[in-house]
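Notes to accompany the following structure.
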Amino acid sequence: MANNILTSLLSMGGLGLLLGGGLAIASKKLAVETDPRADAIVEALPGANCGACGYPGCAGLAKSIVENKAPINACPVGGPAVAAKIAKIMGVDEVGSSAEKKVARVLCQGGKVEAKLKSEYYGVKTCKAASMINSGPKACSFACIGLGDCVKVCPVHAITMGENGLPIIDEEKCIGCGLCVNECPKIVLALTSNKNEVHVRCRATMKGKDTRAVCSIGCIACKMCEKVCPFDAIHVIDNVAVIDYEKCRNCILCVEKCPTKTITSAFPTRKKAFIIEEKCIGCTLCAKNCPVNAITGQVKEVHVVNQDLCIGCGICQEKCRKDAIEMVRDTHKKSDICEAAASK
């Protein structure tokens, strides 16, 4: 019996050594060499592994960059700073400086106060589950359900639920990964450039009277925004206003005219143009290009901005060849603005 046990142990030990040796040899023969640049890129990336770049995590993106299958500035979370680090690792010119940061924004204001309920929901406390039962408990089938699915998937804790039952996004924390956007069954979250200050916070495509019947703050398709926009940047499509951000100048005229306050701005006041007298040469380019005739002046004379007419579109600043125009929120005094700008 003892001999049988000993023989078995020796056989198993020998077989283990044989298999172990075979695996060791195979690991060396079949090893896949990794590019050290991929490891360096992984270190440079934020490490959120959010998938916003379209690749399977940071390691997947790093591998694709090294293989020239992904651009150096593919990481929307890291932005220009990370793109610059990756460019240095890859030994190429920096290409990420022009990348714009995107943040998630809530395109619905139909909270507990504004949106009517058609039923009470007592099921699993997730937006996805609630949306499967008669499109959710709210009378507006487009409205935010408010059970916080977006909060649960945010990797940086940038979203909280407000007392009114709507998500509140901390744009300073938001990394623009888009996980909350993908998670929302009502598509009331969207990624937009942080330069876009004006937003239509409603998605209801019902007729105006039907929207008004279920929500006090929804778009009623009155087209007042269309009529007041001097840049043709907003149109009512399928009974809801839609902004063309390629044309929008953040002048907030549509915000001021919207009767239901569906259109909102990130800032309560618009920017205004102020001319720095020491720099202005009176070329008249600003006056010629102002869409609301808010700038006057003669050739070779310092021009003047009518602050009551200025809508803060910034076209004059773009056209000025002498950097003589400063765009600042109109809560500031003109003297303070010009003095600060002149000292630059």
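The values are calculated or read from the model by the stated rules, or taken from the named source; none is laboratory data. Predicted model only: the values in this text are computed from it and were never measured. Here the Cβ positions follow ideal geometry from the backbone for every residue, glycine too, while neighbour counts run over all protein chains shown. Accessible surface areas use protein heavy atoms only, side chains included; no ligands, DNA or RNA. Shrake-Rupley method; radii C 1.70, N 1.55, O 1.52, S 1.80 Å.
Think of each Lys and Arg Cβ as +1 and each Asp and Glu Cβ as -1; about the Cα centre, that makes the dipole of the chain roughly 800 debye. Taking the C-alpha atoms only, the angle from helix 57-66 to the longest principal axis of the chain is near 90 degrees. Among the GluC sites (Glu not before Pro) found in the stretch 245-282, those both in a DSSP coil and sparsely packed, with 13 or fewer other Cβ atoms within 10 Å of their Cβ, are E246, E277, E278.
Against the chain, whose longest principal axis is taken from its Cα atoms, helix 2-29 shows a tilt of about 40°. Computed over the alpha-carbon pairs of the stretch 132-257, the distance histogram in 10 Å steps reads 12, 37, 37, 14, 0 percent, short to long.
Within the same chain, aspartates and glutamates fewer than 8 places from K128 are excluded, and of the rest, those with a Cα less than 15 Å from its Cα are D149, E183.
Residues whose amide H comes within less than 5 Å of that of I325, counting only those at least five positions distant or on another chain, are I276 (H built at 1.01 Å from N in the peptide plane). Please work out, to two decimal places, the log10 of the ratio I(q)/I(0) at q = 0.21, 0.25, 0.27 Å⁻¹ from a Debye calculation in which every Cα of the stretch 183-266 carries one identical scatterer. Here the Debye-derived log intensity ratios amount to -0.98, -1.31, -1.44. Annotation: aspartates and glutamates with alpha-carbon distance below 17 angstrom to K118 (same-chain offsets under eight excluded): D210.
With r as the distance between the Cβ atoms of A81 and D35 and R0 = 30 Å, compute the FRET efficiency 1/(1 + (r/R0)^6) and round to 0.05. My answer for the efficiency is 0.85.
From the cross-link list K85/K195; K102/K152; K125/K209; K138/K247; K227/K322, which pairs have alpha carbons spaced over 26 Å apart? Where the Cα-Cα span goes over 26 Å, the pairs concerned are K125/K209; K138/K247; K227/K322. Accessible surface computed residue by residue for the stretch 164-258, with neighbouring protein chains in place and a 1.4 Å probe, gives 49 Å² per residue.
Give me the percent of the accessible area of the stretch 45-179 that comes from carbon and sulfur atoms, probe 1.4 Å, all protein chains in place. Kindly include the intermediate steps, with their values, before the conclusion.
Numbers: 3860 of 7000 Å².
Summing carbon and sulfur atoms, their accessible area is 55 percent of the total for the stretch 45-179.
Basic side chains Lys and Arg get +1 at the Cβ, acidic Asp and Glu get -1 at the Cβ, and with that the dipole of the stretch 205-251 about its Cα centre reaches some 220 debye. Any chance you could give the angle, 0 to 90 degrees and rounded to 10, that helix 79-90 forms with the longest Cα principal axis of the chain? Roughly 50 degrees between the two axes. Semi-axis lengths, largest first, of the ellipsoid equivalent to the stretch 30-182 are 40, 16, 11 Å, with √(5λ) applied to each eigenvalue of the Cα gyration tensor.
Residues whose amide H lies under 5 Å from that of A70, counting only those 5 or more places away or on a different chain, are I65; hydrogens are built 1.01 Å from N in the peptide plane.
Using only the Cα atoms, what convex hull volume per residue in Å³ does the chain have? The partial results should precede the final answer.
Values: hull volume 78.5 nm³, N = 344.
Here the figure is 228 Å³ per residue.
For the chain, the 222 nm mean residue ellipticity estimated from helices alone, with every DSSP H stretch of n ≥ 4 adding -39500 (n - 2.57) and the total spread over all residues, rounds to -9000 deg cm²/dmol.
What per residue convex hull volume, in Å³, do the alpha-carbon atoms of the stretch 152-214 yield? Write out the running numbers ahead of the final one.
Details: hull volume 7.4 nm³, N = 63.
Output value, Cα hull per residue: 117 Å³.
Label-to-label distance for K322 and H157 is 5.3 nm, based on points extended 7 Å past Cα in the beta-carbon direction.
When the accessible area of the stretch 189-243 is split by element with a 1.4 Å probe, what percent falls to carbon and sulfur? Before the final figure, lay out each step's value.
Numbers: 1340 of 2610 Å².
Of the solvent-accessible surface of the stretch 189-243, carbon and sulfur hold 51 percent.
The trypsin sites (Lys or Arg not before Pro) of the stretch 215-301 meeting both criteria, a DSSP state outside H, G, I, E and B (loop) and at most 15 other C-beta atoms within 10 angstrom of the site's C-beta, are K223, K247, K261, K300.
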